[in-house]
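A short reminder: the numbers here are calculations on the coordinates, not readings from a lab. Just so it is clear, the structure is predicted and the values come from calculations on it, not from any experiment. A quick note on method: Cβ atoms are made from the backbone with ideal geometry, for glycine too, and the neighbour counts reach across all protein chains shown.
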Amino acid sequence: MKCSICGYALYVEISHIKAVSDFPDEAMVAHINALENLLALCPNHHWEFDHDYVSGGIMESNKVRAKFQVTKVAKTTYGLASGQVEVTLTPQYDQTIEEDRRFSKATPSGTIQLFIDNPPASDFLALGKFFYVDFSEAPQAVGAGG
Ligand SMILES: [Zn+2]
């Protein structure tokens with residue numbers, strides 16, 4: 001295992017992305033210690049992460065995570081016949097939520113606008129739901145035309 005931020009591998013600590021104290025009393029240990037809530041960090045970055053010096057939007061090296069909420073779902077003009085749906089997501093920010101305060105440092109302002117022709121996909125992106133959006137660099141695809 002190595003530090004998710006700098007890659008230091010000789011000694012890492014496991015930190016909770018959402019602090020244990022932020023969970024309700026009845027929260028299951030399995031939920032608190034779920035893999036998605038754990039992050040391997042070197043001691044320096046663990047301290048920085050816990051003290052808000054590290055943006056929570058950077059979840060592992062070469063990946064930026066943002067948090068968005070679906071704020072609009074509408075059938076497009078074209079969609080009246082085809083079922084196409086326009087889904088708009090805007091960055092989620094609630095300053096009373098520790099996780100959101102971290103995400104606000106990394107989450108760009110603006111919107112994500114999608115036109116979806118696939119009903120299961122548009123149903124999944126239901127109005128009011130929250131989503132993590134992970135940006136990770138894709139290798140440059142080489143097309144048939146070179
Ligand atoms: Zn580190």
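Along its first, second and third principal axes, ordered by size, segment 1-54 spans 35, 22, 13 Å in Cα coordinates.
Please give the FRET efficiency for LEU114 paired with ALA141, using the beta carbon to beta carbon distance and R0 = 25 Å, rounded to the nearest 0.05. Using R0 = 25 Å, I get an efficiency of 0.75.
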